[in-house]
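Take a look at the structure below.
The values are calculated or read from the model by the stated rules, or taken from the named source; none is laboratory data. Source: prediction; values computed, not measured. Quick reminder, even Gly has a Cβ in these numbers, built from the backbone with ideal geometry, and neighbours come from all protein chains shown.
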Amino acid sequence: MCHVRMEQKTTAWKPSIWNNLGLSETLLAREYCLSGHPTLPCNVLKFKSTTIMLDCGLDMTSTLNFLPLPLVQSPRLSNLPGWSLKDGNAFLDKELKECSGHVFVDSVPEFCLPETELIDLSTVDVILISNYHCMMALPYITEHTGFTGTVYATEPTVQIGRLLMEELVNFIERVPKAQSASLWKNKDIQRLLPSPLKDAVEVSTWRRCYTMQEVNSALSKIQLVGYSQKIELFGAVQVTPLSSGYALGSSNWIIQSHYEKVSYVSGSSLLTTHPQPMDQASLKNSDVLILTGLTQIPTANPDSMVGEFCSNLALTVRNGGNVLVPCYPSGVIYDLLECLYQYIDSAGLSSIPFYFISPVANSSLEFSQIFAEWLCHNKQTKVYLPEPPFPHAELIQTNKLKHYPSIHGDFSNDFRQPCVVFTGHPSLRFGDVVHFMELWGKSSLNTVIFTEPDFSYLEALAPYQPLAMKCIYCPIDTRLNFIQVSKLLKEVQPLHVVCPEQYTQPPPAQSHRMDLMVDCQPPAMSYRRAEVLALPFKRRYEKIEIMPELADSLVPMEIKPGISLATVSAVLHTKDNKHVLQPPPRPTQPTGGKKRKRASDDIPDCKVLKPLLSGSIPVDQFVQTLEKHGFSDIKVEDTAKGHIVLLQEAETLIQIEEDSTHIICDDDEVLRVRLRDLVLKFLQKF
Amino acid sequence: MPEIRVTPLGAGQDVGRSCILVSIAGKNVMLDCGMHMGFSDDRRFPDFSYITRSGRLTDFLDCVIISHFHLDHCGALPYFSEMVGYDGPIYMTQPTQAICPILLEDYRKIAVDKKGEANFFTSQMIKDCMKKVVAVHLHQTVQVDDELEIKAYYAGHVLGAAMFQIKVGSESVVYTGDYNMTPDRHLGAAWIDKCRPSLLITESTYATTIRDSKRCRERDFLKKVHETVERGGKVLIPVFALGRAQELCILLETFWERMDLKAPIYFSTGLTEKANHYYKLFIPWTNQKIRKTFVQRNMFEFKHIKAFDRAFADSPGPMVVFATPGMLHAGQSLQIFRKWAGNEKNMVIMPGYCVQGTVGHKILSGQRKLEMEGRQVLEVKMQVEYMSFSAHADAKGIMQLVGQAEPENVLLVHGEAKKMEFLKQKIEQEFRVNCYMPANGETVTLPTSPSIPVGISLGLLKREMAQGLLPDAKKPRLLHGTLIMKDSNFRLVSSEQALKELGLAEHQLRFTCRVHLHDTRKEQEMAMRVYSHLKSVLKDHCVQHLPDGSVTVESILVQAAAHSEDPGTKVLLVSWTYQDEELGSYLTSLLKKGLPQAS
């Protein structure tokens, strides 16, 4: 009985220890890829027994399959014909509507979540957020998967991320929709639908928007961090956010132990816009660099796009038309407002009102002014004057820019045309932008200018066709392009690059452009949605601390110029993933020997390891030494491999070869020990 | 022997002129560079000749850290960097970097323009000095060089105040600067993680005070102001332009609004609006409540508080005036004080600590007849009130911070010797750590024993830990390996690996001992008896009888052979390697005693 119990105990105890010691995953780090969208990544990295989620982006392109949510009753949208199958079967006509040859789902819009089946998300220890666009799926993860860990993000990321979520929730909740379509999602039915509905992936996992309560709860799990802050995870791994130059507070992350380094590069920019410049130097010496969030429009130069934006805007307004700019409430809009600030007077637009309409417009404009330390140098120096870093403060003061929470209320009184309106959502499926599309779409005097690169503008416009309004596509994506990537990789020289599969081949529409892909040596490892990747690095070393008392007792010996050795015998202690070597306990002196010791006490512990030996024994010197120590009657015989030294009187024989010595003698312990010590004089211990 | 050395050049058993030199693992850091408000001679600045008399300061200091913008922490900076000469990095937070030059300029104006001092630093020197500043963000690890790193923590106290961790390898010092452990109307509470520094250098202004609740003090303050104004008196509140002033402004602003009071509130100097603007831009450094609501209402936009004009001081009727500087040692606050001091209807409220030698300190210690310049005597009839609004941690707060950081040693600065003595005892009793309180110029030396980080090969570590998991591993096990030291790269590997890496072959040392026993039995039978004997004695060892007739104990080989000359004697050959010496030698002596008779 007793024996059995013992065994159970040991087996139960072993695995937990192994996990704590961080050795169960020693030779491999794994990456679980939960998102197929290269700029809205969601990966899970298992590294040294910590499970780290890198970003949780929300793919909102799924909403393009839905009908827009109008703020004001739209007869056009509500009178769209229902869609029927080729054979005339119209059982889906309540759910699906047709507009100019495209079919849309008439329902509350839904989002495509990161994969939740590939890995048990309740085991995720921490989530690292790189920028406010890459955290939009956070409430789905933190509130519905049993997640109990911590989320790390910078303060601007959290504050602006909150605004983006607040706007999204507001846009969707203020237009209650009775219908929630689900018939079309049936696999057998989906097959019969026209593209792109037919090809939409994982529609069964699409979810409706979260609530503000879920947002607040998710955000309460975030711990704020600063650039270059070193955050210890369970004593095993250290993570550090670095400035990535893309947005206010945007970061890349270093995940490292003492001997391994993974760099996670998400949305980064080398252009000088408003954020602090990208920290490239700290990415050096990575074993693995995970590369995500490159520009979505690699062929468009952001600078010339801004120029086109301004000239098209001016042209429309001069002709008496209105300009609609579908946008997010933070980010590029700050740069656009700054350009306009410099441009409007010279372009003679000073009398044209600029409206910024969003439930979070005011907050976004206010927040942008208080994050000085996250801004580029030029903007930082402004606060020393003290002046607000962004010139939109002046645009507001001089009444050139006005902001409203929505088209209802004050806005309707102030509204003057022609004007320029910045409003969301860039998908054109919800938000105040839907109203302006309906209002201005019929006149060719008006222009809609697309600046956000997240949605295909043609797909975004599809439910508004036919349109008379002009459409200009000026996508401004400041994230890294492929030329910048290859320069960056040359500079920081990671051993391996891991990236989404989209980056390892030219874009499908430009398959001849071999320059539009990541080019590095060795070739990048690619991943796709729902794939598990073993990261290619081997851990060979672990950090251990040698306590000062032990260090003092070590005797270093120079073996080769510049290389010293010391043999170490010490006691290993491991706690909280940290290893410490302490001096061995002093042997306890036998106390007088009054009591007879039991026989078993004498049996030596075979686990006391003795050092290895190295070197060779020169026979002549050895014989001289023997003589010096009082041995006489020494005879040396040559053998095939070495020599035999005979001590005739003592009936002792010492075989000496290049790599071995064999002492054969009678059971005379004193003699044996004497000879041993003389041999050891010629050898080095290891 | 590695050690940490600390020498206060200022703030040693004193408040004012904070300036502390720290040497840690061969790096020299200067913490704060303040002026003393109680002196106007040489003693107002730290004695930098202590650092070096002849050489350049830059060669002796790796960096300078400024904890916050109060002049007793940064007032000597332009003198130090531009007049004595220092070109190395100066670290401070961004709000400190923004506000510090303004206060320095203010200070310079009073010293040069009002007091007519010569040989003082110039405006240009302030600018040049500020060019050497590097901004530090909260919790960011700043690498000063390859070994020295610093990290800032939130300290409350004033906008941008920070505590600093200075770290080299496994040794570290935390310097608190001035801090506040309770949030106030505009700032949050200081916070530090359990960073276990080798030494914590903490301020101890209120070493013996346990302050009552903030609410009570606020109510008291408002009541006194209100009563004075009601009876037509004037209230003077000497403050520094930034810091306490904003907190009290918020307090009065809300009170005025609630009570619908009409008496004017003024704020002296043109700095007000500018000062408040800094607060608006540095909202992330204020308390939670202000940060949460600033979009709806910015707390630093005051409706009731207006700019003060010198002429207003003589206008009749009640008023409240905030005037700088805070210790009544010069400038506008002192001018107004002289005008109003004679009227018992008026009141002066000192909201902060006053350094010895200042008018503020004199009236607070009860002096009612003040000798002013030109042998003039000023009789103080106005009421003098002291309200401790200084945002320093009290005794409870200091103990709390020590508990949070868990230092190995504590060192007290920025306090009075007597009070420090009391706190020192308390800290030593409660936390069982050494506590020091050096005077200015006195050096405290702490021996440290840093552990040495090395890389252990995973193979060796895994082998050891796997062994450590065996159930019989009650005794601490010895890990054996070889430390390879190449330049500053230290690696601990198994002996085998060390040999292999260095291209060396192992040299095997083997012993074979002949044990002669009188026994006439056959060799095979001998071997059998040896086997059963060893098996019964060595219960914990692996004893085997091999088919070729030999016996092994672990890796030790025992063979029985006939004696070449004496058939009545058998020879046992015991053979082992150097690595098994203990056991081999033991077996030899065991067998030498002979075999037990078969029963």
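Some notes on this structure:
- Scanning region B:341-381 for residues that are touching a helix residue (DSSP H, G or I) at 6+ places or on another chain (Cβ under 7 Å) and either hydroxyl-bearing (Ser, Thr, Tyr) or without any contact (Cβ under 8 Å) to a residue 60 or more places away in the chain (or both) gives B:Cys354, B:Val359, B:Leu370, B:Leu378, B:Val380.
- Residue satisfying all of: in region A:485-522; outside any loop (DSSP other than H, G, I, E, B) and of a type in the set (A, V, I, L, M, F, W, C); nearest to A:Pro277 (Cα to Cα) among these: A:Leu488
- Any hit, region B:349-363, residues being outside any loop (DSSP other than H, G, I, E, B) and over 18 Å from B:His329 (Cβ atoms): no
- With respect to being out of contact with any helix residue (DSSP H, G or I) (no Cβ under 8 Å at 6 or more places or on another chain) and buried (at least 18 other Cβ atoms within 10 Å of the Cβ), A:Glu155 falls outside the description.
- Just one of the listed residues (B:Gly188, B:Gly177) is in contact with a strand residue (DSSP E or B) (Cβ under 8 Å, 6 or more places away or on another chain) and on the phi > 0 side of the Ramachandran plot, namely B:Gly177.
- Failed item in (1) over 29 Å from A:Val383 (Cβ atoms); (2) within 14 Å of chain A (Cβ to nearest Cβ), with B:Lys274 passing the rest: (1)
- With respect to the conditions (1) within 34 Å of the chain's Cα centre (by Cα); (2) in contact (Cβ under 8 Å) with a residue 40 or more places away in the chain; (3) assigned to a loop (DSSP other than H, G, I, E, B), A:Gln417 falls short on a single one, namely (1).
- For region A:335-360, taking the residues that are assigned to a loop (DSSP other than H, G, I, E, B), crowded, with 21+ Cβ neighbours inside 10 Å and away from chain B (no Cβ under 14 Å), the one that is modelled with the lowest pLDDT is identified as A:Ile344.
- Residue within region B:516-535 that is modelled with pLDDT of 85 or more and facing another protein chain (nearest Cβ under 8 Å) present: yes
- Residue in region A:465-502 that is surrounded by the most Cβ atoms within 10 Å (Cβ to Cβ), counting only those that are among the hydroxyl-bearing types (Ser, Thr, Tyr) and under 28 Å from A:Tyr328 (Cβ atoms): A:Thr478
- Qualifying positions in region B:520-579 - in a helix (DSSP H, G or I) and closer than 24 Å to A:Val673 by Cα: B:Leu534, B:Tyr578, B:Gln579
- Any chance B:Leu483 is at negative phi, within 13 Å of chain A (Cβ to nearest Cβ), modelled with pLDDT of 85 or more and outside any strand (DSSP E or B): no
- Every residue from region A:213-252 that is of a type in the set (D, E, K, R) and either without any contact (Cβ under 8 Å) to a residue 40 or more places away in the chain or under 19 Å from B:Ile192 (Cα atoms) (or both): A:Lys230, A:Glu232
- Exactly one residue among B:Leu248, B:Leu261 is away from every other protein chain (no Cβ under 14 Å), in a helix (DSSP H, G or I) and either on the phi < 0 side of the Ramachandran plot or of a type in the set (Gly, Ala, Ser) (or both), and that residue is B:Leu248.
- Among residues of region A:361-373 being assigned to a helix (DSSP H, G or I) and in contact with a Phe, Trp or Tyr (Cβ under 8 Å, 6 or more places away or on another chain), the one that is surrounded by the fewest Cβ atoms within 10 Å (Cβ to Cβ) is A:Glu366.
- Residues in region B:569-599 that are more than 13 Å from chain A (Cβ to nearest Cβ) and touching a His at 6+ places or on another chain (Cβ under 6 Å): B:Leu595 only.
- Flag for A:Val265 being away from chain B (no Cβ under 11 Å), farther than 19 Å from A:Ile544 by Cα, among the aliphatic types (A, V, I, L, M) and touching an Asp or Glu at 6+ places or on another chain (Cβ under 9 Å): no
For (1) buried (at least 21 other Cβ atoms within 10 Å of the Cβ); (2) touching a residue at least 24 places away in the same chain (Cβ under 8 Å); (3) under 26 Å from A:Glu501 (Cβ atoms), each residue gets a yes or a no:
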{"position": "A:Ser268", "(1), (2), (3)": "yes, yes, yes"}
{"position": "A:Pro277", "(1), (2), (3)": "no, yes, no"}
{"position": "A:Ser282", "(1), (2), (3)": "no, yes, no"}
{"position": "A:Asp287", "(1), (2), (3)": "no, yes, yes"}
{"position": "A:Ile290", "(1), (2), (3)": "yes, yes, yes"}
{"position": "A:Leu294", "(1), (2), (3)": "yes, yes, yes"}
{"position": "A:Ile297", "(1), (2), (3)": "no, yes, yes"}
{"position": "A:Glu308", "(1), (2), (3)": "no, yes, no"}
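- Residue in region A:507-519 that is more than 10 Å from every other protein chain (Cβ to nearest Cβ), within 25 Å of A:Val288 (Cβ to Cβ) and touching a strand residue (DSSP E or B) at 6+ places or on another chain (Cβ under 6 Å) present: yes
- Test: residue in region A:239-255 that is within 14 Å of chain B (Cβ to nearest Cβ) and assigned to a loop (DSSP other than H, G, I, E, B): yes
- Among strands (runs of 3 or more DSSP E) entirely within region A:525-584, having at least 1 residues that are more than 8 Å from chain B (Cβ to nearest Cβ) singles out A:525-527, A:531-535, A:557-560, A:563-575, A:578-582.
- Listed conditions (1) in a loop (DSSP other than H, G, I, E, B); (2) surrounded by fewer than 21 Cβ atoms within 10 Å (Cβ to Cβ) are all met by B:Leu370, apart from (1).
- If you filter region A:256-284 down to residues that are of a type in the set (Ser, Thr, Tyr) and not in a loop (DSSP other than H, G, I, E, B), you find that the one that is farthest from A:Leu533 (Cα to Cα) is A:Ser282.
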